[in-house]
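> Below is the structure I would like to discuss, written out as structure tokens.
Bear in mind that the values in this text are calculations on the coordinates, not laboratory data. From a predicted model like this one, the values you see are computed outputs, not experimental measurements. Cβ sites come from the backbone with ideal geometry, for glycine too, and all protein chains shown count toward neighbours.
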Amino acid sequence: MFGNSRKNKAQQQPAQAIPHVAAPSQGTVQANAQVKKLSRIAGVLAALAVAGAGFGASAVATTNATLSAAKADQQAVVVAKQSVKAGTKLTSDMIEMKNVPAAYRSAAATSDASAVVGKLAAVDLGQGEQLSASDFGGDESAQTLSVRIAADKVAVCVDVTAANGFSGELLVGDKVSVYNTKDMSEQGPSSAALAEDATVVSLGGASDNSSSSYATATLEVTPGQSREITAAKADGGVSLVLHPKVQAAKAAE
């Protein structure tokens with residue numbers, strides 16, 4: 001009887017349920033896939049960083065080797081310490097010695113400062129420019145008019161009298177305006193100037209203001225202004241109007 005009772009109780013007890021494991025959600029799957037993707041990218045970037053570091057080290061080594069070679073092959077040359085205008089007499093404080101790699105030295109550059117000091121610049125020279133004998137036109141006593149005028153200008157000679165051009169009162173370096181005398185007599189001083197900022201480069205053939213007696217003035221003007229002045233001379237002459245020194249100084253700045 002007891003055996004049957006135990007059997008009946010065992011049959012009456014419900015069977016234990018097997019735990020249910022839920023399938024991973026779609027969000028979890030996507031997150032795992034993203035993690036794996038990021039891991040792969042991180043691995044690629046790490047490999048690239050290692051390769052880049054190797055390339056950078058190689059580039060630095062190559063650059064250092066190039067610089068060392070350049071420094072070992074330096075040559076001294078004379079360079080302009082400042083900008084120098086054509087016609088300027090070069091002094092020692094306008095130049096300096098610089099060491100430059102042989103590959104960058106101009107073939108005509110000089111390393112002898114005495115070859116250029118005291119000479120007159122034949123062309124405009126820029127600061128830091130390597131200097132050569134061909135940049136200069138001789139010493140001041142031997143300077144020709146072609147050396148004194150700028151490369152983009154020309155010289156034109158005009159007659160100077162007390163009536164038309166301050167005879168005996170002009171100085172080399174003065175700035176003048178040039179008018180057609182015929183136009184001035186017909187229209188007055190308001191007529192257009194043939195040249196507004198002509199520079200006096202010589203008086204009576206002299207470039208040093210050594211004489212107050214002269215009959216001509218040589219002016220530095222543009223080629224176009226020169227043609228107009230020459231035509232005006234043939235048509236009735238020209239007249240000069242002197243600029244004040246303050247105005248000339250401001251124009252030069």
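> Between Lys245 and Glu196, how high is the FRET efficiency from 1/(1 + (r/R0)^6) when r is the Cβ-Cβ distance and R₀ = 25 Å? Nearest 0.05.
Numbers: r = 16 Å, r/R0 = 0.65.
FRET efficiency, Lys245 to Glu196: 0.95.
> Oh, and also: Between Gln75 and Ala46, with labels modelled 7 Å along Cα→Cβ, what's the label distance in nm to one decimal, could you check?
5.4 nm
> Mind listing the long-range amide H neighbours of Glu96? Cut-off is under 5 Å, sequence gap 5 or more, other chains count too, H placed in the peptide plane at 1.01 Å from N.
Val79, Lys81
> Short version: ³J(HN,Hα) in whole Hz for each residue of region 192-198, in order, from phi by Karplus 6.51 cos²θ - 1.76 cosθ + 1.60 (θ = phi - 60°), x for Gly and Pro, what are they?
Per-residue couplings from phi come out as 5, 6, 6, 8, 8, 9, 5 Hz.
> A further question on this structure: Search the structure for amide H atoms under 5 Å from the amide H of Phe136, placed 1.01 Å from N in the peptide plane, and list their residues when 5 or more places away or on another chain.
Close amide H contacts, sequence-distant or interchain: Ala122.
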